[in-house]
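To start, the structure itself, in structure tokens.
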Amino acid sequence: MFSEVTKEMLDFIDASPSCYHVVENLAKELDKAGFTKLDEKEEWKLESGKSYYVTRNGSSIISFKLPVKDYKGFRFMASHSDSPSFKIKENPEMVTEKAYVRLNVEGYGGMLDAPWFDRPLSIAGRVLTVENGHIKSRLVNVDKDLLMLPSLAIHMNREANKGYSYNAQKDMQPIFGDEEAKDCFWKIIADAAGIEEKDIFGSDLFLYNRVKPTTWGANGEYISSSRLDDQECVYTTFKGFMSAKAKEYVPVHVVFDNEEVGSGTKQGAASTFLKDTLERINESLGKSRQEYHMALANSFMVSADNAHAVHPNYTDKADPVNRPVMNKGIVIKFNANQKYTTDGVSQAFFRTVCENADVPYQIFTNRSDMPGGSTLGNISTTQVAINTVDIGLAQLAMHSPYETAGAKDPVYLAKVSKEFYEADIEL
């Protein structure tokens, strides 16, 4: 059951402890495959039959393949690079009881707090340097068990198992070392980046869980890892994109940052990143504004962000009839208030793609009395208004630092992604 695609995906996640590493690792694969890197600050001179990619902020990336002949429209698959975590604040070291050094952190995204305790943590992200008048970004991954958030013993809070409300400033500050660790933080970061401490002029650093991905279950049917939401969709849609041919539509693979905090950044789904890229493709290929809008009207987007599986211990939390489970295929997501973009048209389109690919699919809706989350699909369409379906893979423990999903499902999404990119279905 544990396929090569699933293994490759877990290796990718393990090598991508931050959104910046996600984009760097995708870019390496694109470079290896002969894609040309574009720069938003330079003029684009694109050629039919060639493949390209562009990044923004080092945390979002758009890659695309141009057909040899003219094209009818675009085929997009979009996911996100970020996951809930703790961001390290400025002046992070805090000495406590003259015996400990803790790090001052704050939550990023809507995380589950309790699973962060009592497991090895470390730091990843980027630092910024100034070299010859240019600001340069260097990736950081302190590749060792560096931090811990120890729980308070049951003896000191006899009510702990009856529920506890964590205070972000009091309870969630990890231990970095003893009193001798004072003033060591930036040296450790500089060493991991391969630079001098004095050369760090800025940083975006996050905690990450050091527990390795694993497969488990009676028949190896489950996988658990950090950041399955949403790197599972990032990798598997990318796998399909890389194997697809550019025929009558332009295949476009999109990875936005900051979905977990609302997407309202220059590199998020609410930004002009996708719109700017499409307009520059159109202009570089000598097409008119009319032809651009005609192409958009004949385009389609798949917003891929994981979905909730029915939890065996909390079956009452699921909708009475729409109850996705792991290893049963792609989850198509619906919401009457348009937290998800799926409607009758986009459902029909995507179900056709699934059936053509011989990939199973299932339906997710929230309980009618329980508001759910949202994702990047409806936010992205405020900039590029096209038919869109929201999908994902079923998982448990969403927004935990260690999530669980099905070992079969990555294969399904990689397979249906290739079919989607090559599909010639008129809307």
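Kindly check whether there is at least one residue in segment 205-212 that is farther than 30 Å from SER3 by Cα and assigned to a strand (DSSP E or B). It would help to see each step written out before you state the result.
Restricting attention to segment 205-212, the residues satisfying the condition of being farther than 30 Å from SER3 by Cα are 205-206.
If we keep only those that are assigned to a strand (DSSP E or B) too, we end up with 205-206.
Yes - at least one qualifying residue is present in segment 205-212.
Take the conditions assigned to a strand (DSSP E or B) and of a type in the set (S, T, N, Q) and apply them to SER16. Does it pass?
no
Taking segment 307-356 only, how many residues are loosely packed, with under 14 Cβ neighbours inside 10 Å and in contact with a His (Cβ under 9 Å, 6 or more places away or on another chain)?
Summing the residues that are loosely packed, with under 14 Cβ neighbours inside 10 Å and in contact with a His (Cβ under 9 Å, 6 or more places away or on another chain) in segment 307-356 gives 1.
Of the residues in segment 96-120, how many are farther than 22 Å from GLU259 by Cα, touching a Lys or Arg at 6+ places or on another chain (Cβ under 6 Å) and of a type outside the set (S, T, N, Q)?
Matching residues across segment 96-120 total 2.
Filter segment 287-310 down to the residues that are under 16 Å from LYS275 (Cα atoms) and acidic (Asp, Glu) and list them by number.
GLU291, the sole residue that qualifies.
crowded, with 22+ Cβ neighbours inside 10 Å and under 30 Å from LEU396 (Cα atoms) - does that describe any residue in segment 275-289?
no
Give me the residue from segment 195-224 that is out of contact with any Lys or Arg (no Cβ under 8 Å at 6 or more places or on another chain) and of a type in the set (S, T, N, Q) and, out of that set, surrounded by the most Cβ atoms within 10 Å (Cβ to Cβ).
SER224
Restricting to segment 147-160, count the residues that are more than 20 Å from ALA397 (Cα to Cα) and either crowded, with 18+ Cβ neighbours inside 10 Å or not assigned by TED's automatic domain parsing to the domain that holds ILE195 (or both).
1
Please give the number of the condition SER81 fails out of (1) at pLDDT below 95; (2) under 16 Å from the mean Cα position of the chain (by Cα).
For SER81, the failing item is (1).
Return yes when VAL142 is hydrophobic (A, V, I, L, M, F, W, C) and in contact with an Asp or Glu (Cβ under 9 Å, 6 or more places away or on another chain) and no when it is not. Walk me through it before giving the result.
Numbers: hydrophobic (A, V, I, L, M, F, W, C): yes; in contact with an Asp or Glu (Cβ under 9 Å, 6 or more places away or on another chain): yes.
Against the criterion (hydrophobic (A, V, I, L, M, F, W, C) and in contact with an Asp or Glu (Cβ under 9 Å, 6 or more places away or on another chain)), VAL142 qualifies.
Here's the yes/no breakdown for (1) within 21 Å of GLY107 (Cβ to Cβ); (2) among the polar types (S, T, N, Q); (3) surrounded by 11 or more Cβ atoms within 10 Å (Cβ to Cβ); (4) within 26 Å of the chain's Cα centre (by Cα):
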site: VAL142; (1), (2), (3), (4): yes, no, yes, yes
site: LYS162; (1), (2), (3), (4): no, no, no, no
site: ALA181; (1), (2), (3), (4): no, no, yes, no
site: ALA193; (1), (2), (3), (4): no, no, yes, yes
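Hey, among SER299, SER346, SER374, which residue is closer than 25 Å to PRO84 by Cα and in the same structural domain as GLU248 (by TED's automatic domain parsing)?
Just one listed residue meets the conditions, SER374.
Which residue, of LYS50, LYS136, LYS72, is assigned by TED's automatic domain parsing to the domain that holds MET294, touching a Ser or Thr at 6+ places or on another chain (Cβ under 8 Å), of a type outside the set (Ser, Thr, Tyr) and surrounded by 13 or more Cβ atoms within 10 Å (Cβ to Cβ)? First the steps, then the outcome.
Details: LYS136 fails: assigned by TED's automatic domain parsing to the domain that holds MET294; LYS72 fails: touching a Ser or Thr at 6+ places or on another chain (Cβ under 8 Å).
Checking each option against the conditions leaves just LYS50.
From the residues in segment 344-357 that are of a type outside the set (Gly, Ala, Ser) and free of Cβ contacts under 8 Å to residues at least 40 places away in the same chain, which one is nearest to ALA304 (Cα to Cα)?
Let us first name the residues in segment 344-357 that are of a type outside the set (Gly, Ala, Ser), namely 345, 347, 349-356.
Remaining after also requiring free of Cβ contacts under 8 Å to residues at least 40 places away in the same chain: 351, 355.
Working: ARG351: 15, GLU355: 18 Å.
That would be ARG351.
Taking segment 323-368 as the region of interest, how many residues are part of a helix (DSSP H, G or I) and either among the polar types (S, T, N, Q) or within 20 Å of SER263 (Cβ to Cβ) (or both)?
4
If I filter segment 369-380 for residues that are outside any helix (DSSP H, G or I) and within 23 Å of LEU278 (Cα to Cα), do I get at least one hit?
Yes, some residue in segment 369-380 is outside any helix (DSSP H, G or I) and within 23 Å of LEU278 (Cα to Cα).
The values are calculated or read from the model by the stated rules, or taken from the named source; none is laboratory data. On a predicted model such as this, the values are computed, not experimentally measured, just so you know. In this analysis, Cβ positions are derived from the backbone assuming ideal geometry, glycine residues included, and neighbour counts consider all displayed protein chains.
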